[in-house]
Amino acid sequence: MKYYMYLVVLIVSQLTWGQMFDLPPIDPDPVISSSPGRSPRTTPGRGRGGSAFVNDDTAEEVSTPAARGSADRFRKPLVPREKTRVAVLGYHNFSETRPVSDMLLRTSELREQMEYIRRSNITVISMQEFLEWRFGTRELPEHCVLITLDDGWRSVYTDAYPIFREYGYPFHLFLYTSYLTGRGDSMSPAMIREMMANGASVGSHSGSHPYPSEWRKHEKVGQEEYVKFIDKEIGASRTRLEKLFGPVDTYCYPGGYNDETMVGRMSGYGYRAAFTVIPNKVSCEVDPMRIDRYMVFGTDPSIFRRAMDFSRAGVSAGSSVRSLPPPPFPVTPQAGSVVASHLPTITAQLGGIGGIDFSSVRMYVSGFGRVPAQVDATRRSIQWTSPCRIYMPQISVHIFWKNTDGTRQHAEWFYSIDQKVTAEH
């Protein structure tokens, strides 16, 4: 009787969560779900940085080949590496009272998202487990989530950390070293060490978080100056973090901005993996120095919804342009195209979309973030031309808008820049 009562509760609750996030139905499996109303009781694992968790209430004893990792904690079946897809989530700041923004998410919404992951039985993995899978020494369940948090906001400690600890979810902090002061809205090293003892691990997010314009300014001075700046921001930041927290082998590009000079120096600093801001599922064939992430904006809940939808295309496989459904309106450069200009004009013609509130239309471009695009309500278009050369081989463009009824909409596409063109300039 208890089993059937639990099943009824879970099926009814799925209606609420499914409506909230507009996601596929949850597979009700009382064997691998925590009991309703209870927080998973967790034990820190022995992985590097204390980043692995075991759910003591439901963990199974599993005997697997050495290639799958010892003391495997996963409650979902393991699959061959090439069948696994990972959604890497990226967060920034949290508050229950301050106005939401792209970088600030309601604390209660974070909890709702973590609850959806739990009820959906999606496996949350640590960074160490992710790297072992990517480099061939571990198998994972078919669908996994990796949680990352950028910058070092104090609210990660005050708001997000208690939630992750309650759910037993490991998480990875990408820190930029000049922000580790413990003053104002920043975290202190002591806060970070406490979290590392309870599920967190640490990677670099540069020394001072330079925006794309700062990287390009140093590059214009000359290659020697540019390399020195890269050494300071990317190389030296790792050295400082290791003195504070121990081994560091991951990096996150500020704003997703990267180029061949940066990428070519990463392994020399000791990094094994680096992350961007292009929203796609990750396969084991991904370029380890250009790993995609879904940046979860406080203003756009659809991003989390798409991250949790493992039925969609758009898997990052390394070097090819991502395969996504085309946007529902004409765009230039065209989706999936390769352009011969490193100063492209990006446009979207929204004439075929009805009910748009044009005051809400905005454009985001990888490596630049939100750009000052020109919105023309008369012509029903949005347009932006890069003010400087784009060196990244693949560009993602995102158009966000609200309809007049208040519903939020989003479209995205990718295109590539011919690397022969960028090499000639």
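Read the figures in this text as sums done on the coordinates, not as results from a lab. Not measured: the values here are computed from a predicted model. A quick note on method: Cβ atoms are made from the backbone with ideal geometry, for glycine too, and the neighbour counts reach across all protein chains shown.
Descriptive notes on the structure:
- Estimated vicinal HN-Hα couplings, Hz - region 399-415 in sequence order (Karplus 6.51, -1.76, 1.60; Gly, Pro = x): 10, 10, 7, 10, 7, 5, 8, x, 6, 8, 10, 7, 9, 8, 7, 10, 8
- Label point distance in nm, T261-Q223, each placed 7 Å from Cα along Cα→Cβ: 0.9
- Region 192-336 - percent relative contact order, Cα under 8 Å, separation 6 or more: 17
- Amide H contacts under 5 Å for A273, placed H, 5+ residues apart: Y251
- For E96, E142, E219, E233, order by how many other beta-carbon atoms lie within 10 Å, fewest first: E96, E142, E219, E233
- When C144, C252, C284 are sorted by how many other C-beta atoms sit within 10 angstrom of their C-beta, beginning with the fewest, the order is C284, C144, C252.
- Leading residue at positive end of dipole, region 331-423 (Cβ point charges), from G355, P387, I399: P387
- Cut-off under 5 Å, modelled amide H: who pairs with V338 long-range: S416
- Backbone phi angles across region 215-228, fed through the Karplus curve with coefficients 6.51, -1.76 and 1.60 (θ = phi - 60°), yield HN-Hα couplings of 4, 5, 4, 5, 5, 5, 5, x, 4, 5, 5, 5, 5, 4 Hz in residue order; Gly and Pro are listed as x.
- Relative contact order for region 331-423: 36 percent, from Cα pairs under 8 Å spaced at least 6 residues apart, divided by residue count.
- For V145, nonlocal amide neighbours, meaning residues 5 or more places apart or on other chains whose placed amide H falls under 5 Å from its own, are A87, T123, V124, I125.
- Relative contact order (%) - region 42-316, alpha-carbon pairs under 8 angstrom, separation at least six: 21
- Prolate/oblate/rounded label for region 223-289 (Cα gyration tensor, a/c 1.5): oblate
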